[in-house]
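The values are calculated or read from the model by the stated rules, or taken from the named source; none is laboratory data. The model shown is predicted, which means the values in this text are computed figures rather than measured ones. Glycine gets a Cβ as well: all are built from the backbone with ideal geometry, and neighbour counts include every protein chain shown.
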């Protein structure tokens, strides 16, 4: 097991290397550059832009800049932002908790809503509730969730104006000015963003688990179990759920990558102070060191998610051995 | 069947989102040419006893990058910095003159115009108790000029001053680079001084104090800053140059954009909104909103379409004038700004003191535009597009992607020009790449852009002089070059004397039409009624933040 | 949100048939069952209807409405839906119906293009990896591992900030990033089909690899392929919409459902501007889901009676 883990970790190195080179090249090939934005001010001059570009080392050839970045990187120095002048690592770490909070909440929502619904629909194939679940999940899949999120914000604002009641906060991680750590307030703020980010996940799980359940129900061992006279409850939970869940774990890895992707979108919509927003802003401003640093962390998160799901897979399915 | 039900639920959500808002009148308002800024909401008379306490929540579309004044280059950073650092000079809200803030009275220009002298107030202290002296100002100046510091605006200051010295602890002497250079009067107080005793041991570019300034001298002191979420400030101390804050907390909340800001204003999660013109009527009618409209003097924003005069066809003045005549500026104001803008015919914002309306105007007239092009020798080609000597009137018009207003201008202009036989291709481009194209590679025909200009008209010299760093159209006129120098060095630096020279400049450039001048935008601001802000002036609402207070509940 | 559920290969074709009725081929049987599935039929009809409307958009707008999708008429902006403007007009006074159907052309073409390119790559690599295994398989899986580790949206934002996407480059980018699912499934299928008796039989009688792949394996892959096409189209439309919302989508003058939708959020006081592009996207996605569900059920041999 530990050998397997080690091997997987070593395998991620070339992946990260390739991704960093691709990202670095893409980012640096862009015309323009971070200092150009200064020119929107009539008082700024092109001389100042050129001087700053030289001061930030933006004039050096691409491979040299990559090697410098990489050199810093292996010693744990992710570089400094062109605009905040802070170490990138610190900027990323400051925003990591918010992203993790949102991501974990969205994952939990995916499981808590998706699995029971999918299981129920599969076990009761063809009845009204099954139809309702299928219809609802299809409908939810059919609208872009970011759009739904914005409509929710607008709807909440209009309800507030009409009735004076604020159903849910429309963004932010906590109520400003509230003294101390207030878990209730955090959860209240977390609810809508996590629900929106988790929607893709639970819909996928519900639909997927439904078909998996159907498939498992048709397997010989389930029939055998039923024939042995085991009650439906035992059969459903010990045999059906357990077996139907195995592929769900495979799906979870994809879910994590999806959540990391979605972070950019939902952190923007809900003013969530996480890494996705940081990456978005940095990309707009061409703050390359920050883009690269956040990109690296997001990729790491995705790789880690995949690794965890691989390990969980082996743990749930005894047929799989890692060596 | 269930699907129908679900569809119904879906549509219900959509309806709540869209229909609750007040419906616009069926017909869009007809073109009205009256400026709409005149009807101000009645100002409550100031309460006899100032109200203490309360929180004001501001909205910012981006978090500040830094709170180090020498590194700041974005608006969010300067708003944060202005909360915690006091300024040397300010604009008088009534006269709009530059007057002392930390400095006393007015700056004194020597008889030969070679030096400018300011006196520093003697009662100022940093909030750790250290007195503020000219040493801090000199230190700040030295850092601005230090080649190792990544200060973005060095050239502006080098052009104004060759040296800054302090004969004693409370006198500062600015030596002008060009004697008699009037704009220098405005430049003397632009960057807030930083405490020497804190920063002299630190690398200005990178240190931990930059984003956690504790030794400051502004109205507010930084309480906490959660990056990308919020920053909050408490009243600093009693020695702030203009008194003590009445509110107890001033906080910034980061929101994605105008649309989200407007929603948060509706839920009263933030106290201020600067809505898009389309949302203005809705925001204005909210029961808890005080609505303010004004044409700002400092930070006046105006919009134009620039030409590339290096292009042989666009180098022809007649073509530029015809294009300008083909574009209906008033209709753009009505549609894009919902009437919240003024037409502008020359190189200064319509709200600037130097602006004059008395210039050649190219008001919309499609038939006249066609005639002008015909007179210039253009005839319709086989595809209906005008051409002369095989050179067809086909242009590209660039704008920066994501800017809705400029997208609308480009798209609408395309239609106007099509109506007179000119083909235009609209091309959006990423912001910095766009700035590089316009400012350096110059590979463009026409472009949509705007300027946000300060009070000092000489800021535009950089745009219009032949060797100006921001002269994107490639405009060259020796007369204009001469006049700009003359206007900047008028003896005595009186506004009305300088204005006469600027009027001449405006006439010449308006005749040449290197830009299609479009309009100056009106600022639209809504503030929650809980907060009583400063009376609206061309400087906006926040020139005396220390006087902001909660509105008294009982009248 | 971009996590679109991917169909999972059902590799148990032909298991346990009960010969209790006249023999019918697999395809006849699947087709019969598909026709019985009301929802699937509705989905198919809607989808083909949308495709036809998109295909004949110029003809439709000329015959029925007579508007140019890009023609600005500022005197008629923000008109509510009426007999003159079926879907109303937008902020430029452009006919919203004409724009919606023209936008469908672009959006659906992007979707179809993504599907075609990503399938071509995915199927070819999947077949090769599954059939030959070893080196080729390792190489393909390596590339897949890299691609799967990248969060797409951030990458697309970076690419979008460098080069403005046009419909073709966007489709190409999405396809180059998105073929891994197809390839994995095809590979899985091939691995299981390879062990089937008829393939082993074919090989024993000396059939060529290429012939085996195309004659025996590819047809089995067909249903999966159809489903993947559907999901690729849907995924492309949804991803494009998210990108436009963030400001990195295909450049604005071209109407697409995604940018119509993100643009409309500024004008929520004019509900029709929000409603129609939303409806168009939802209908497309919904119909593809119904169609895909139907296909999957129809080809599920366990449902044979």
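Miscellaneous remarks
- Residues that are in a helix (DSSP H, G or I) and at the interface with another protein chain (Cβ under 7 Å from one of its Cβ atoms) within region A:265-283 comprise A:265, A:268, A:269, A:277, A:278, A:279, A:280, A:281, A:283, listed in sequence order.
- Residues satisfying the stated conditions in region C:186-208, i.e. over 24 Å from residue C:120 (Cβ atoms) and in a helix (DSSP H, G or I): C:197, C:198, C:200, C:201, C:202, C:203, C:204
Conditions tested, residue by residue: (1) more than 11 Å from every other protein chain (Cβ to nearest Cβ); (2) in contact (Cβ under 8 Å) with a residue 24 or more places away in the chain; (3) assigned to a loop (DSSP other than H, G, I, E, B).
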position: B:396; (1), (2), (3): yes, yes, no
position: B:414; (1), (2), (3): no, no, no
position: B:417; (1), (2), (3): yes, yes, no
position: B:436; (1), (2), (3): no, no, no
position: B:451; (1), (2), (3): no, yes, no
position: B:474; (1), (2), (3): yes, yes, yes
position: B:480; (1), (2), (3): yes, yes, no
position: B:484; (1), (2), (3): yes, yes, no
position: B:487; (1), (2), (3): yes, yes, no
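- The criterion of being within 12 Å of another protein chain (Cβ to nearest Cβ) and either touching a strand residue (DSSP E or B) at 6+ places or on another chain (Cβ under 6 Å) or under 30 Å from residue B:155 (Cα atoms) (or both) holds for residue B:273.
- Top-ranked residue of region C:116-153 - restricted to ones that are within 14 Å of chain A (Cβ to nearest Cβ), assigned to a helix (DSSP H, G or I) and under 22 Å from the mean Cα position of the chain (by Cα), ranked as farthest from residue C:257 (Cα to Cα): C:144
- Any hit, region A:93-102, residues being within 20 Å of the chain's Cα centre (by Cα), in contact (Cβ under 8 Å) with a residue 24 or more places away in the chain and at the interface with chain B (Cβ under 7 Å from one of its Cβ atoms): yes
- Residue satisfying all of: in region B:419-434; in contact with a helix residue (DSSP H, G or I) (Cβ under 6 Å, 6 or more places away or on another chain) and within 14 Å of chain A (Cβ to nearest Cβ); nearest to residue B:365 (Cα to Cα) among these: B:430
Yes/no matrix, rows are residues, columns are (1) buried (at least 18 other Cβ atoms within 10 Å of the Cβ); (2) out of contact with any helix residue (DSSP H, G or I) (no Cβ under 9 Å at 6 or more places or on another chain); (3) at pLDDT 90 or above; (4) farther than 25 Å from residue B:224 by Cα:
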position	(1), (2), (3), (4)
A:68	no, yes, no, yes
A:71	no, yes, no, yes
A:78	yes, no, no, yes
A:85	yes, yes, no, no
A:89	no, no, yes, no
A:92	yes, no, yes, no
A:98	yes, no, yes, no
A:102	yes, no, yes, no
A:106	yes, no, yes, yes
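Residues are listed down the side, and each one gets a yes or a no for (1) buried (at least 21 other Cβ atoms within 10 Å of the Cβ); (2) part of a strand (DSSP E or B); (3) touching a strand residue (DSSP E or B) at 6+ places or on another chain (Cβ under 6 Å):
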position: B:301; (1), (2), (3): no, yes, yes
position: B:322; (1), (2), (3): yes, no, no
position: B:335; (1), (2), (3): yes, no, no
position: B:348; (1), (2), (3): yes, no, no
position: B:351; (1), (2), (3): yes, no, yes
position: B:354; (1), (2), (3): yes, no, no
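The rows are residues; the columns are (1) surrounded by 19 or more Cβ atoms within 10 Å (Cβ to Cβ); (2) at pLDDT 85 or above.
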{"position": "C:111", "(1), (2)": "yes, yes"}
{"position": "C:121", "(1), (2)": "no, yes"}
{"position": "C:126", "(1), (2)": "yes, yes"}
{"position": "C:134", "(1), (2)": "no, no"}
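- Matching residues in region A:10-39 - criterion: being outside any helix (DSSP H, G or I) and either more than 27 Å from the chain's Cα centre (by Cα) or surrounded by fewer than 18 Cβ atoms within 10 Å (Cβ to Cβ) (or both): A:31, A:32, A:33
- Single unsatisfied condition, residue B:463 versus (1) part of a helix (DSSP H, G or I); (2) crowded, with 19+ Cβ neighbours inside 10 Å; (3) more than 10 Å from chain A (Cβ to nearest Cβ): (3)
- Residue check, residue A:273 in contact with a strand residue (DSSP E or B) (Cβ under 7 Å, 6 or more places away or on another chain) and more than 15 Å from residue C:158 (Cβ to Cβ): yes
- Test: residue in region C:164-177 that is touching a strand residue (DSSP E or B) at 6+ places or on another chain (Cβ under 8 Å), at pLDDT 75 or above and buried (at least 24 other Cβ atoms within 10 Å of the Cβ): yes
- Check on residue A:184, within 13 Å of chain B (Cβ to nearest Cβ) and under 30 Å from residue B:56 (Cα atoms): no
- Condition check for residue B:119: within 14 Å of chain A (Cβ to nearest Cβ) and either outside any loop (DSSP other than H, G, I, E, B) or at positive phi (or both): no
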